[in-house]
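Structure first, commentary second.
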Amino acid sequence: MATSPLSRMAQSFTSPALRRITLEVQKVNGVNLGQGVCQLPTPDFIIEAAHDAAKEGINRYTNPRGLPSLRNALAKKFAHYNKFEADPETEILVASGATGAFEGVCATLLDPGDEVVVFEPSYPYHVQCLRRYGANIRFIKLEAPDWTIDFDELKSVVNEKTKFILANTPGNPTGKVFSKEEFLEIGKIIEPFSKCFLVTDEIYEYMVFDGLSHVSAASLPELKGKVITVGGYSKTFSITGWRIGYVVAPKEIADPMTTAMDAIYVCPPAPLQEGVARGIEEFGDKFYNDLTEKYRHHRNLFTKGLADIGLTPLVPAGAYYMLCGYDKLMPELGSYEFVTKMIATCGVGAVPADDFVRDPSKAKWVRFCLAVPEETLQEALERMKKLALVTA
Ligand code: PLP
């Protein structure tokens with residue numbers, strides 16, 4: 001007889017290493033560049049817009065697909081920035097963050113034993129969610145520093161049980177930006193399998209550097225009907241606590257997904273949906289260009305700082321993280337040990353590779369989050385200079 005009152009599902013949840021790291025950094029009152037929380041200020045405009053919306057009475061359950069104002073604003077943004085058309089009545093769903101959106105995708109598509117292809121290093125919430133739905137995950141490893149895909153290997157793991165290939169672009173933690181050519185190649189691989197989709201998580205879509213452009217797979221006519229797009233405003237508007245995301249899917253998937261998401265949590269908060277809708281309508285290209293520029297500046301500053309300390313930054317093409325090799329300074333340490341040492345020596349936290357790969361033993365790198373004020377990055381770099389002294 002079972003001795004625990006907890007469900008098997010509850011017992012299957014694991015706490016990521018970054019939670020333990022956060023506690024360790026707090027103990028020494030240090031600088032935490034671990035967790036991916038965006039600590040930059042939220043634009044006043046959308047705070048006021050959400051406040052106004054609540055005052056105006058937008059406080060009730062919304063349509064399970066989300067407020068029409070937000071779906072219409074999203075449709076315009078998809079046409080303008082992502083270069084695809086989506087019907088706000090039938091193809092766009094507002095979700096409780098990109099996390100809720102991905103949960104909706106899994107609830108709608110997966111039965112236990114179905115297969116999903118995930119690129120590794122991978123985002124731990126994706127992996128946990130897939131496991132919860134009983135998916136059999138086929139990992140495809142991407143190697144640093146270019147993170148290129150071995151398409152022969154990818155082709156060899158896709159079969160009639162594969163429900164989707166998951167592409168996070170720009171990627172957490174690698175910063176990989178998928179190209180049009182890569183998506184077309186993936187499209188060719190899934191084309192023979194009528195029940196197989198390409199699911200993209202584009203939450204970092206406005207953070208793409210070095211003259212690269214963000215490509216939404218849904219914009220490619222060759223992939224028509226095969227793409228499900230997940231995204232959200234946590235990172236773009238610095239509102240990780242608001243929980244506003246979305247899914248764009250073909251109608252025959254979007255309809256049952258609406259029913260599933262309604263059954264799971266009804267809808268995200270109404271005034272916050274409206275605040276985001278008004279923000280999307282208000283902000284022009286300059287807002288997004290400034291955002292890209294800010295993160296590009298953080299990336300360049302941190303790249304130089306890490307290299308000066310004797311570490312090996314893996315310069316990301318997008319998103320707001322930086323992976324960094326430490327084997328020139330402390331090759332004998334595992335990734336978790338290195339982070340622990342860094343906290344003890346200089347009070348700076350990062351996430352060990354353990355959270356992103358199945359076998360961290362060979363991954364001699366850690367992830368820093370750059371979504372903090374510039375002064376915080378400067379302070380972290382200043383503190384980390386001690387690392388070089390410890391090894392000297
Ligand atoms: N997807 C990826 C790849 C992420 O890195 C994150 C947050 O770190 C999320 C989704 C979560 O987004 P949201 O806050 O919209 O749920």
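The values are calculated or read from the model by the stated rules, or taken from the named source; none is laboratory data. Everything quoted here is computed from the prediction, not taken from an experiment. As a convention, Cβ positions derive from the backbone with ideal geometry for all residues, glycine included, and neighbour counts pool all protein chains shown. For accessibility, only protein heavy atoms count, side chains too; no ligands or nucleic acids. Shrake-Rupley method; radii C 1.70, N 1.55, O 1.52, S 1.80 Å.
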- Task: For an R0 of 25 angstrom, estimate the FRET efficiency from the Cβ-Cβ distance between N159 and Q11 and round to the nearest 0.05.
- Result: 0.25
- Hey, got the dipole for the stretch 205-290? About the Cα centre, +1 on K and R Cβ, -1 on D and E Cβ, debye to the nearest 20? 160
- Expressed as an acute angle from 0 to 90° and rounded to the nearest 10, what is the orientation of the C-alpha long axis of helix 335-346 relative to the principal long axis of the chain? 60
- Note on the structure: Given backbone amide H placed at 1.01 Å from N, residues whose amide H is under 5 Å from that of F84, ignoring those fewer than 5 places away on the same chain, are A79
- Residue-wise HN-Hα coupling along the stretch 60-70, computed from phi with Karplus coefficients 6.51, -1.76, 1.60 (Hz; x: Gly, Pro): 9, 3, 9, 3, x, 7, x, 4, x, 4, 6
- Query: Under a point-charge model restricted to the Cβ atoms of Lys and Arg (+1) and Asp and Glu (-1), what is the dipole moment magnitude of the stretch 41-97 relative to its Cα centre, in debye to the nearest 20?
  - Reply: 100
- Message: Using the crude model of +1 on Lys and Arg Cβ and -1 on Asp and Glu Cβ, and no other charge, please compute the dipole size for the chain relative to its Cα centre, in debye to 20.
- Response: 800
- Item | Förster radius 22 Å - calculated FRET efficiency between N72 and K224, Cβ distance, rounded to 0.05 | 0.50
- Comparing S122, S219, S194, which has the greatest mean-square fluctuation in the GNM of the chain with Cα pairs linked when under 10 Å apart? S194
- Note on the structure: For the stretch 183-197, Karplus-derived ³J(HN,Hα) couplings (6.51, -1.76, 1.60; θ = phi - 60°; whole Hz; x for glycine and proline) come out as 5, 5, 4, 4, x, 5, 5, 8, 3, x, 9, 5, 9, 9, 10
- Task: Per residue of the stretch 220-225, in order, report the coupling 6.51 cos²θ - 1.76 cosθ + 1.60 (Karplus, θ = phi - 60°) as ³J(HN,Hα) in whole Hz, putting x for Gly and Pro.
- Result: 8, x, 4, 9, 3, x
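In whole percent, and with a 1.4 Å probe on the protein chains, what portion of the accessible area of the chain is carbon and sulfur?
53
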- In the stretch 202-244, the GluC sites (Glu not before Pro) that sit in a DSSP loop and have at most 11 other Cβ atoms within 10 Å of their own Cβ are none
- Task: For the chain, set up a Gaussian network in which alpha carbons nearer than 10 Å are linked by springs, and say which option among P145, P313, P173 fluctuates the most.
- Result: P145
- Message: List residues of the stretch 221-237, by number, whose backbone nitrogen lies under 14 Å from a label position 7 Å along Cα→C-beta of K251.
- Response: 225
- Query: Can you pick out the pairs among K155/K224; K83/K251; K141/K251; K76/K163; K83/K161; K155/K180 whose Cα atoms lie more than 23 Å from each other?
  - Reply: K141/K251; K76/K163; K83/K161
- Query: Sorted by packing (mean other beta-carbon atoms within 10 Å per residue), highest first, where do 321-327, 111-117 land?
  - Reply: 321-327, 111-117
- Item | Accessible area expressed per residue, the stretch 1-74, with surrounding protein chains retained (probe 1.4 Å, Å²) | 65
- Give me the accessible area per residue for the stretch 259-339, probe 1.4 Å, as a whole number in Å². 41
